[in-house]
1. Can you pull out every residue in region 263-288 that is among the small types (Gly, Ala, Ser) and either in a helix (DSSP H, G or I) or in contact (Cβ under 8 Å) with a residue 60 or more places away in the chain (or both)?
2. Just checking, how many residues over region 260-282 are within 22 Å of THR52 (Cα to Cα), in contact with an Asp or Glu (Cβ under 8 Å, 6 or more places away or on another chain) and away from the ligand (no atom under 12 Å from the Cβ)?
3. Just checking, does region 17-26 include any residue being hydroxyl-bearing (Ser, Thr, Tyr) and in a helix (DSSP H, G or I)?
4. Spot the failing condition for LEU134; the list is (1) surrounded by 15 or more Cβ atoms within 10 Å (Cβ to Cβ); (2) modelled with pLDDT of 95 or more; (3) assigned by TED's automatic domain parsing to the domain that holds LYS39, and only one is missed.
5. Does TYR291 fit the bill of being part of a helix (DSSP H, G or I), aromatic (Phe, Trp, Tyr) and touching a residue at least 24 places away in the same chain (Cβ under 8 Å)?
6. From the list ASP157, ASP210, exactly one residue is open to solvent by less than 10 Å² (accessible area, probe 1.4 Å) and either assigned by TED's automatic domain parsing to the domain that holds GLU256 or over 18 Å from the mean Cα position of the chain (by Cα) (or both). Which is it?
7. Residue under question is LEU240, and the condition is that it be open to solvent by less than 30 Å² (accessible area, probe 1.4 Å) and touching a Gly at 6+ places or on another chain (Cβ under 9 Å); does it hold?
8. Scan region 292-305 for residues that are among the charged types (D, E, K, R) and open to solvent by 70 Å² or more (accessible area, probe 1.4 Å) and report the count.
Amino acid sequence: MRNLIDITDLTVEEIDALVATANDIIANPDKYCEACHRKKLATLFFEPSTRTRLSFEAAMLELGGTVLGFSQANSSSASKGESVSDTVRVVGCYADIIAMRHPKEGAPMVAAMHSPVPIINAGDGGHNHPTQTLTDLLTIQREKGRFDNLTVGLCGDLKFGRTVHSLIHALSRYTGIHFVLISPEELRLPEYIIHDVLEKKNMSFEETQDLEAVMPKLDILYMTRVQRERFFNEADYIRLKDSYILTLDKLKNAKEDLCILHPLPRVNEIATNVDEDSRACYFKQAQNGKYIRMALILKLLGVEV
Ligand code: CP
């Protein structure tokens, strides 16, 4: 039985196959509309979500399956003190596959050790968000046509932004990637990722606080929200929250084919009139999330179409 806890649980070849399946789903949706008939997905969300939970649910419904679950911890027996391991042992009696989001790093891994059905990590604390990374990769493939030879700017909260952590793991397996890490000093990428991923793999990278200075060289600009829910003190959040606001003016020196991504939700990081710029890909990215999750559900359930 396969789980998806960390993006590196999938080989590069498996990611290529998932991206190919997602592209086929986009081109031929009818082919897949009964693929998961009588299968059930449980969405166990101990933390808020719009995109991840609803795109998982839409994905299973579009595959002909059904969904059950909860969207907040306090509507589940976790509020009475039930452990994650007991919860998944029980939910595994009712569902064929589980997508779980949890504020505690490692909770989906613990779940996978006790679950009778596949577990998908839908985001664990400030750690990882592998299905967002699959979404990002599908979008990069559709917009740029490749995963190699790209200069990738990652901007904002690189400390707590789990989507950034997973994306760095994923892209560091391709050749010719140069990472430009753009953040305030306090929100720099954690040392363990710099050391264990970037330095160990001899990746090309630079760190800066100046988004405009590096803008002309970027092929991809991945904006992120400052993660209020991970801060210990509100004053620090307020001081840092508007560190980077992407405006049309700041895009003047950007490449014509720059691809602007954001995992969303957006708070204030991208001015809304940037949405009309042809380089803004973040709403397409959110839509791609449904298709790649459809491909992932098929893979983990072992359904051949
Ligand atoms: N990108 C993302 O994880 O969004 P949600 O928190 O709305 O699921």
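The values are calculated or read from the model by the stated rules, or taken from the named source; none is laboratory data. These figures come from a predicted structure and were not determined experimentally. Virtual Cβ from ideal backbone geometry, glycine too; neighbours counted across all protein chains shown. Areas reflect the complete protein model, heavy atoms only, side chains present, ligands, DNA and RNA absent. Shrake-Rupley method; radii C 1.70, N 1.55, O 1.52, S 1.80 Å.
1. Answer for region 263-288, where residues must be among the small types (Gly, Ala, Ser) and either in a helix (DSSP H, G or I) or in contact (Cβ under 8 Å) with a residue 60 or more places away in the chain (or both): just ALA286.
2. So the answer is 3.
3. For region 17-26, residues hydroxyl-bearing (Ser, Thr, Tyr) and in a helix (DSSP H, G or I): present.
4. Looking at each condition in turn, LEU134 falls short on (3).
5. So TYR291 fits the description; yes.
6. ASP157
7. In short, no.
8. First, pick out the residues of region 292-305 that are among the charged types (D, E, K, R): 293, 299, 304.
Of the ones still in play, those that are also open to solvent by 70 Å² or more (accessible area, probe 1.4 Å) are 299, 304.
Qualifying residue count for the region: 2.
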